[in-house]
1. Can you find even one residue in the range 105-120 that is within 11 Å of GLU65 (Cβ to Cβ), touching a Leu at 6+ places or on another chain (Cβ under 9 Å) and not hydrophobic (A, V, I, L, M, F, W, C)?
2. Does the range 125-147 contain at least one residue that is among the hydrophobic types (A, V, I, L, M, F, W, C) and farther than 18 Å from LEU12 by Cβ?
3. Select, from GLU161, GLU127, GLU144, GLU153, the only residue that is in contact (Cβ under 8 Å) with a residue 60 or more places away in the chain and either of a type outside the set (Phe, Trp, Tyr) or closer than 24 Å to LEU27 by Cβ (or both).
4. Of all residues in the range 117-140, which are of a type in the set (A, V, I, L, M), crowded, with 19+ Cβ neighbours inside 10 Å and either more than 14 Å from the chain's Cα centre (by Cα) or outside any loop (DSSP other than H, G, I, E, B) (or both)?
5. Within the range 57-65, is even one residue farther than 21 Å from LEU119 by Cβ, among the hydrophobic types (A, V, I, L, M, F, W, C), touching a residue at least 24 places away in the same chain (Cβ under 8 Å) and surrounded by 15 or more Cβ atoms within 10 Å (Cβ to Cβ)?
6. Would you say VAL97 is β-branched (Val, Ile, Thr), modelled with pLDDT of 95 or more and out of contact with any helix residue (DSSP H, G or I) (no Cβ under 6 Å at 6 or more places or on another chain)?
7. When the residues of the range 90-116 are narrowed to those that are under 20 Å from the mean Cα position of the chain (by Cα), assigned to a loop (DSSP other than H, G, I, E, B) and not aliphatic (A, V, I, L, M), which ends up surrounded by the fewest Cβ atoms within 10 Å (Cβ to Cβ)?
8. Run VAL30 past the list (1) crowded, with 19+ Cβ neighbours inside 10 Å; (2) of a type in the set (A, V, I, L, M); (3) within 23 Å of ALA111 (Cα to Cα) and report the number of the one that doesn't hold.
Amino acid sequence: MSDSTSAAPVVLDLWCDLECPDCHRALDDVRALRARYGDRVEMRLRHFPLEKHKHAFAAAQAAEEAVEQGQGWPYIEALLARTDELGRTGDPVLLDVARELGLDTEEFDTALIDGRHLLIVDADHAEGKAIGVTGTPTYVIGEERLDGGKSQEGLRERIEEIIDRTLAARDR
């Protein structure tokens, strides 16, 4: 077994709707998991905008533009902290968050208009549906899927158990 294989991080996919109040509540768990595991876990935001949230699709595209500008997670966390405001106000919040992080808001505006990130968002959504994601947040680690949309009670502990078990098996 090569060192590069054993050093590969555990992948945790977080299927998320950036206007979702449950995803907003999951933000503390996301931060705690990132702090606990650092680079041993690669947390990937996967887009699953729900139809009931009319600004979620644009928010997903905006998050991809933030990734392109090198501020993916800071943008995602800042936006998740403002899900209520996004629901009330819509697209202006997407640009406000970008401005607060010092991102190129003109480029954000253009990206939302020209739809350059549509394919990524659509592909994530299709993949989520294909693996059985029905709500957000949903966490997927390997073959295990945990639905945080139903209840977040004890969810972080279950995620940590799976990650710890995966890391231990990998490091054997």
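1. Yes, the range 105-120 contains at least one residue that is within 11 Å of GLU65 (Cβ to Cβ), touching a Leu at 6+ places or on another chain (Cβ under 9 Å) and not hydrophobic (A, V, I, L, M, F, W, C).
2. Within the range 125-147 (the criterion being among the hydrophobic types (A, V, I, L, M, F, W, C) and farther than 18 Å from LEU12 by Cβ), the answer is yes, since at least one residue qualifies.
3. Within the list GLU161, GLU127, GLU144, GLU153, the selection yields GLU127.
4. VAL121, VAL140
5. Looking through the range 57-65, none of the residues is farther than 21 Å from LEU119 by Cβ, among the hydrophobic types (A, V, I, L, M, F, W, C), touching a residue at least 24 places away in the same chain (Cβ under 8 Å) and surrounded by 15 or more Cβ atoms within 10 Å (Cβ to Cβ).
6. No, not satisfied.
7. The selected residue is GLY115.
8. So VAL30 meets the others, but not (3).
The values are calculated or read from the model by the stated rules, or taken from the named source; none is laboratory data. Because the structure is predicted, anything quoted here is derived from the model rather than measured. In this analysis, Cβ positions are derived from the backbone assuming ideal geometry, glycine residues included, and neighbour counts consider all displayed protein chains.
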